[in-house]
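Everything on this sheet refers to the single structure shown next.
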């Protein structure tokens, strides 16, 4: 399935664009556009991971969350034992 695209004007440092043009000319990357898209994907993933880590850090300090989590673990111990043949 193809990803929808849109045109968007952005201001980029000329040095970066020139470096990407050289890489594209040397066939080290398919195109400048490709490199920018990969960089954006990496940045977005990095930000989402950082956000998730911050949420987990906050959750680790939440007594109610920890209590619910521990209760769930104990609820599944018996089920896990049955699956492993330990019942």
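All of the numbers you see were taken from the coordinates with simple rules; none came from a lab. None of the values given here were measured: they were computed from a predicted structure. For neighbour counting, all protein chains shown are included, and Cβ atoms are generated from backbone atoms with ideal geometry for every residue, glycine included.
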> Rounded to the nearest 0.05, what FRET efficiency is calculated for residue 11 and residue 46 with R0 set to 25 Å and r the Cβ-Cβ distance?
Replying inline: 0.70
> Taking the Cα atoms only, what angle lies between the long axis of helix 63-83 and the longest principal axis of the chain, rounded to 10 degrees?
Replying inline: 70 degrees
> At a Förster radius of 35 Å, what calculated FRET efficiency corresponds to the Cβ-Cβ distance of residue 19 and residue 65, to the nearest 0.05?
Replying inline: 0.15
>> Rg over Rh of the chain, using C-alpha atoms and the Kirkwood radius, what does it come to?
In response: 1.31
>> So, R0 is 25 Å and r is the distance between the beta-carbons of residue 1 and residue 33; what FRET efficiency does that work out to, to 0.05?
In response: 0.80
>> Taking the 0 to 90 degree range and rounding to the nearest ten, how far is the long axis of helix 14-25 tilted relative to the main principal axis of the chain, both from C-alpha atoms?
In response: 90 degrees
> Quick one: helix 32-59 against the long Cα principal axis of the chain, what's the angle to the nearest 10°, folded into 0 to 90?
Replying inline: 30 degrees
